[in-house]
Every structure is written in C-alpha cells, then in structure tokens.
There are 2 protein chains.
Amino acid sequence: MGDKVTIYDIAREAEVSVSTVSRILTGSAPVNPETKQKVDAVLQKYNFRPNRAARNLSYQRSTMIGVILPDITNPFFSTLFAEMQRHAIAKDYSLLLFNAMNSLALESEGLAYLARHQVDGLIFMGGRVNEVEPSPAYQMEIAEISARVPTIIVNGEMPGVDAVIVSTSEQSGIAQVVDYLSGLGHTRIGFLGGSSHITVTRNRQQSFCAAMSRLALPVEEQWLITDGFSIESGEKTLEMLLRLEKLPTAIIAINDLVALGILKAARRHHIDIPRQLSLVGFDDIYLASVSTPELTSVSHNYEYFGRTIVETIISRIKGGDTPSSILLDMQLVIRDSCQPPESR
Amino acid sequence: MGDKVTIYDIAREAEVSVSTVSRILTGSAPVNPETKQKVDAVLQKYNFRPNRAARNLSYQRSTMIGVILPDITNPFFSTLFAEMQRHAIAKDYSLLLFNAMNSLALESEGLAYLARHQVDGLIFMGGRVNEVEPSPAYQMEIAEISARVPTIIVNGEMPGVDAVIVSTSEQSGIAQVVDYLSGLGHTRIGFLGGSSHITVTRNRQQSFCAAMSRLALPVEEQWLITDGFSIESGEKTLEMLLRLEKLPTAIIAINDLVALGILKAARRHHIDIPRQLSLVGFDDIYLASVSTPELTSVSHNYEYFGRTIVETIISRIKGGDTPSSILLDMQLVIRDSCQPPESR
DNA sequence: GCGTGGGTAGAAAGCGGTTTCACATCCTAT
DNA sequence: ATAGGATGTGAAACCGCTTTCTACCCACGC
C-alpha cells in the first residue's frame, strides 16, 4: 500500500490548513517563510510523498508517457528506451513501456493498455502502414487516441493520425553506405531484411534505389528480400539469396540483427565476409563491434535521438509549438565487414 | 487528456444512479439484468473507460508493479522483462520499469521514482550486497519501502529487507558446467566477470569452488577475475588473464555478454576458441547462438522465470501465502565453444 | 481616519470513481 | 398473515490533493 500519512495529518501537526500545505508542496502560491519552515519540518519528519492518484485526479493528468515498441530485446529499442527514460525522468515524466513482441495484435492491446492508464502522451515506435489486415477497429483506436493524446511516431506513419513524426534520415544514411560501397568498387548491391509493410523498410529500400540510380548502378529486384528484423530473418534471407544464379558483392541489411544473422549464415556456407561479400548493417547496436568481422553500420546518436523524442512530446503535452516532423541524421561507422569486391 | 465522459454522464443518460453504474463496472453487487443492459448500451456508446486516477484513489492501490533492473539493454533482462510484462498484463497488472543503467546512485533514484508512483509491488533485480558505499540513506529507503510494499528480489539479497527471494540455482548450473568441462578433460578452469559485491557473482563463484573441490580440482585464485557484466568486461578480464604465466584451459564467464567479450579478445590475440580455450557463458541470451563458435551456455526457462516472479508478487500483493524464497533450475545448453583441452 | 490593496491563510468545492448505509420490493418460511 | 431474508437501487460519504473564493491583517496614501 501507499503511505498512510496524508496532507491532513501534516496540516494538523503543523497547525495550518491543508491549503497551506498544498501550496508549499506545489509552490502554487506564496507562503510566509516562517510558516513554510514549520510545515517543511513536519513534511521532512514524515518523509511525506503526496498521493499520486489523488494528485493526478485533481490535476487531470498522469505525467506518464506511454511507449509502444515492437521488441525490447532488440538493442536498438532498449538503448533508445534507456535514453528516453533518462530524459523523461529528468523532466518529471514517467515512461510506461509496452512491448508488443512484434505482434500487431499485441500492439493494439498495448494501445488499450496505455489508454487505460490515461497517459498524457504516446510514443509509437515502428509504426506500420499497409498492414495486410489493417483491422479497422485498430485504425479507429489509434486515430481516436491520437486525437485525444499528443502522439509521436518514430520511424513510422499512420494514415489519419495526427502525430509528430520523428524519423531517421534514411536518405542520408543509405547514401553514405552506397557511396562507400561504390567507392570500394561495388556495383552489385543487395538489400536484405525488413518487412514491406513497415515504414522504415520502405524508406530504406526507396532511398537505396534512389542512391543506386544516382550513381547509375542497377538495382536487382531479386536482391531485395524482406523477411523481418531478427537474426533468424538475416539467416533466412541470405539462404534465399544464395539460391539465385547471380549474386551481389555487397549486402546492406535492414538492421544489425539481420546483419548478424547474415554473418552467421555466411559462415555456415563458408562465405568469407568481407572477402567474398561485403556487409553493412543499421543501428550500430553495441553488438556490432563484437562480431567477427566487426560490423560496419549506420549509427544513431542515441542520446540526441532519445532526448529529441522526449522533449518533443513534452512540449506537445504542454501545448507548445513543435514541428510536425523531425529528421535525424545517421552516420556511417566503418569497421571491418566491407572490402573491395574480388576481381574475377 | 483522458476521457471527458464520466460515470455521472453515463448514469444520467441511462437514467440510473452512479452507484448502479459503478456496480456494473466493478461487478461488486448484483444488478437487475434489464438495468444492466440499459447501462451497458450507454457504456458501449461512449466506449467508457473509468478514470484510473479516481479509481486508484478510491481503491487505495495502483495495480502497478515496479521493476528496477540494472541494464535493459542486456538481453537477459529485456527477455525476462518481456515475459514478466506478458504475464502481468494478463493478470491486469502493469509493470513500471526503471532502468538503473548499472548505477547504484540511479538505483536509489529509481526506488524513489517507483515509490512516488505508489506501486503495489516491487521487483528488484540484481540486488547488491556489501556495496563499497552502502549509503545508509539508500539502505533505509529500501528497508522502508519493502516494509510497506511487497517486494521480491531476483538473484540478490539485501540485509534487513523483507522480501521474497527468487534465485536461479547457481549450484546446479555451475555443477553442470564443471562436470561437463571436467568430463571433457579440463582440470584448469577459470571464472571471469561479475562484481564481487553482486550476489550472483558471489554465488556463482562459491558454487564454482564447491563444484571444483567436489571433483578434487584445484581452484586458482588468480583465475577468478571480476570486472563487471558487459562485453567490455569480458575483453578486459581476458586481457588480464593472458598476462599470467599459467593459463587455464577452460573459462566460465559470469554471463553471455562477458563470454562474447572474451571471444572477441581471444580472436584479437589469435587464441582459438574452442581449440585452445573452452568457454561457457550464462543466461543463454539469443545472441549466444550467433557468435562463432556458437556459445555453450547455461540457460534459463525465461517463460517460467518471468511467470514465477509475477505470480509470486501478485500473490503477495493479494495477501496470499508465498514461499520466502524460490529456486529456479538452470540447464546447460551445449553448443560449440568447448572441446577437450589440447594435450601438450 | 478610513478606504485600498498586497500578502497570507482557511473553508469548501471539485476531480471521478467506490462503497457503506438506508430503503423499497418482493419472496419465502413459519 | 407476517416476520425476515434476498434483491435492487439511490443518496451520500469518502479517497487525498488542488484551487478558487473569501477573509483577515496590516501598511499605506489621501
């Protein structure tokens, strides 16, 4: 149970009214220094903490921000979440996390979960578009909640939802990668992983095509294989790729987990990365530098990323002006998983 | 903001009293089917959700369970958290996560954070003992909150704290490892990683010594090196080990991250794992099977682990009887990181 | 000397639910 | 026929805090 001592007890013992105590607690109105001191002593004595439910009820807000993300075990999300939490708490907000376990059905449940908690804001990571089963009820629900609660969508988009869109600049990230690979001499580049109905995937694929055509490099449709975001997806997509006649000399993976999966499968097939096949990942999770070879990856500034999300949503909650979309830079981090293609 | 429609609006429109609506909402008392139907229709129409703050205020509880853990980016914790959340939500509880970023100072802040939220229960993972700076204030705080709120400590212990202790059976886990290594022919075994003031480390080290002496194998003090729980710790501890004259033929790592770090450092030093050095990790995180060689590790049943924690704390919250400590089995999963020692 | 206004502090009205208590009805058992 | 027990419903108190409204005191100025 919570504390048993209430503001009334404090007031009685300090011989003032509850209003005065409350004023001291909130600083909402000036109080005589002497009175304040007297009350402070009592507050101190009982280590008093105002009951949050009561306070929220009165304030009409929860100072909680809901976070829905697809997979907390993916270091990209956990690292980002940790940063977000740090900044949120520094600003006296709390983060209520819902892990959707990569399931759309659960995502919808998460929405209900956060709505039930009356969060003041909603951060939605990895939003989907064009879902096979768009479930009108789910669409409705999102639209409804985002109309009521400031919402921010990270690397996603949702039709008919009023939200701030924070995205990583795929265009710049992919361009760096393609330029780098092309600079090494690669012309045959594949793109593996992701899901075609997830925004990031579409964006990265499109940016990839754009970057390739800018360099007058051909895009092989068959080298664009999507199968998810996990290590297993990486293994699977490489297996699929290997069944083709013609192979690329370099692969860009939708994220580092997929890249690690590709690495694993390549090893199984005795394909030497980077000698026979160059590989680049995304997100620069802390594992990227553990693999052999260490993974070249496109990195986020996690601290800035998390801070931006949190500051933006809080500003929205407080009714401040915010841009309707924010684009975050990514930075290629070169390690050991790429080489010039074998001349043959 | 939350919903604008209240129970009063519902009552007015359904032409009943608020009490009746409330009774229907909570099912706390029988209501005439006809009345219920009438009210249900209105409830449905507005998609009514009772205000949580008001409800909590009245109920005198939050149906939230606080979770403090040292590092959400460690797959062990994130995987376990995901399982816990799943079960908690299924039982109509919410999990409020605080990530302490491996900092004791933050841990204390987290305690205050969760106390502020008036959580009904507290799950404390990775508890510390014998901390260099035990900070009396911190000790006080923990004791105080655990006296008020059902607390459960996972793989830890805290002096003077009334809590259910859930731990993994290090004894059985380590015994399996030592038996296995010994069976392969290893007699010189080291134990790397962890922190000597963290309970798990102490338990695993002690169990290690016990298992060794059971097999009449000597324990080299200098092969017990602690430096934390991260990949970097793994690299560092192996570096330190390599400076010694005499080396072990097998290493047990405090967890898989440390093992991965050891793997990385070994590669740098051209030490072939498993040919020259066998390696075993703990936790069997999903990355264990990605490395080369795939990591032999002692695994948890995460589903059962998470469920047990959640069910136990809920039972405690509801005033039910619970054991004062629970021991969970671990299971050695053999992959490719161990071999018989080179005969030389 | 008295109206005026700034600085303090108390009383009381919410905030949106739950629950106790009281009161009808109606049904059953004596 | 009637006490007594369910059953169903409403009125009102209560959970703990914030905030408006009001009242008081005292210094100040005309």
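Considered as a group, the residues in segment A:92-122 that are of a type in the set (Gly, Ala, Ser) and crowded, with 21+ Cβ neighbours inside 10 Å include one that is nearest to A:Ala259 (Cα to Cα), and that residue is A:Ala100.
Of the helices (runs of 4 or more DSSP H) lying entirely inside segment A:9-91, not one is found with 2 or more residues being loosely packed, with under 14 Cβ neighbours inside 10 Å and within 8 Å of chain B (Cβ to nearest Cβ). When A:Leu260, A:Leu328 are checked against the criterion of being over 22 Å from A:Leu217 (Cβ atoms), buried (at least 16 other Cβ atoms within 10 Å of the Cβ), within 12 Å of chain B (Cβ to nearest Cβ) and touching a helix residue (DSSP H, G or I) at 6+ places or on another chain (Cβ under 9 Å), A:Leu260 stands alone in meeting it. Just to be sure before I move on: is A:Lys38 more than 16 Å from DNA strand C (Cβ to nearest atom) and touching a residue at least 12 places away in the same chain (Cβ under 8 Å) in the structure I sent? Taking the combined requirement at face value, the residue does not satisfy it. Answer with yes or no whether A:Ile254 is among the hydrophobic types (A, V, I, L, M, F, W, C) and crowded, with 20+ Cβ neighbours inside 10 Å. Yes; evaluated as a whole, the condition is true for this residue. Report whether or not A:Ser297 is in contact (Cβ under 8 Å) with a residue 12 or more places away in the chain and closer than 30 Å to B:Ala266 by Cβ. In short, yes.
Conditions tested, residue by residue: (1) touching a residue at least 12 places away in the same chain (Cβ under 8 Å); (2) within 11 Å of chain B (Cβ to nearest Cβ).
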| position | (1), (2) |
| --- | --- |
| A:Leu104 | yes, no |
| A:Tyr113 | yes, yes |
| A:Asp120 | yes, yes |
| A:Gly126 | yes, no |
| A:Arg148 | no, yes |
| A:Ser169 | yes, no |
| A:Ser172 | yes, no |
| A:Val177 | yes, no |
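Can you find a residue in segment B:57-66 that is away from DNA strand C (no atom under 16 Å from the Cβ) and under 30 Å from B:Leu287 (Cα atoms)? Scanning segment B:57-66, I find at least one residue that is away from DNA strand C (no atom under 16 Å from the Cβ) and under 30 Å from B:Leu287 (Cα atoms), so the answer is yes. If you go through segment A:57-78 and pick out every residue that is touching a residue at least 40 places away in the same chain (Cβ under 8 Å) and either touching a Ser or Thr at 6+ places or on another chain (Cβ under 9 Å) or away from DNA strand D (no atom under 13 Å from the Cβ) (or both), you end up with 14. It is to be established whether one or more residues within segment A:135-145 are of a type in the set (A, V, I, L, M, F, W, C), closer than 16 Å to A:Glu107 by Cβ, part of a loop (DSSP other than H, G, I, E, B) and touching a residue at least 24 places away in the same chain (Cβ under 8 Å). No, segment A:135-145 has no match at all. Where helices (runs of 4 or more DSSP H) fall entirely within segment B:196-303, those with at least 3 residues that are more than 24 Å from A:Val290 (Cα to Cα) are at B:199-214. Of the residues making up segment B:21-37, those that are near DNA strand D (Cβ under 9 Å from one of its atoms) and over 29 Å from A:Asn56 (Cα atoms) number 7. If you go through segment A:92-102 and keep only what is farther than 24 Å from A:Ser230 by Cα, at the interface with chain B (Cβ under 10 Å from one of its Cβ atoms) and of a type outside the set (D, E, K, R), you end up with A:Ser94, A:Leu95, A:Leu96.
Here is a check on your reading of the model: is A:Val5 more than 7 Å from DNA strand D (Cβ to nearest atom), within 14 Å of chain B (Cβ to nearest Cβ) and either assigned to a helix (DSSP H, G or I) or at negative phi (or both)? Yes.
Answer yes or no as to whether B:Ser17 is within 16 Å of DNA strand D (Cβ to nearest atom) and either touching a strand residue (DSSP E or B) at 6+ places or on another chain (Cβ under 9 Å) or small (Gly, Ala, Ser) (or both). Spelling it out, B:Ser17 is indeed within 16 Å of DNA strand D (Cβ to nearest atom) and either touching a strand residue (DSSP E or B) at 6+ places or on another chain (Cβ under 9 Å) or small (Gly, Ala, Ser) (or both). Is it true that some residue in segment B:221-230 is surrounded by fewer than 17 Cβ atoms within 10 Å (Cβ to Cβ) and hydroxyl-bearing (Ser, Thr, Tyr)? No: segment B:221-230 contains no residue that is surrounded by fewer than 17 Cβ atoms within 10 Å (Cβ to Cβ) and hydroxyl-bearing (Ser, Thr, Tyr).
Where a number appears in this text, it was derived from the coordinates with a stated rule and is not lab data. As the structure is a prediction and not an experimental result, all values here were calculated from the model. Neighbour counts run over all protein chains shown; Cβ positions are idealised from the backbone, glycine included.
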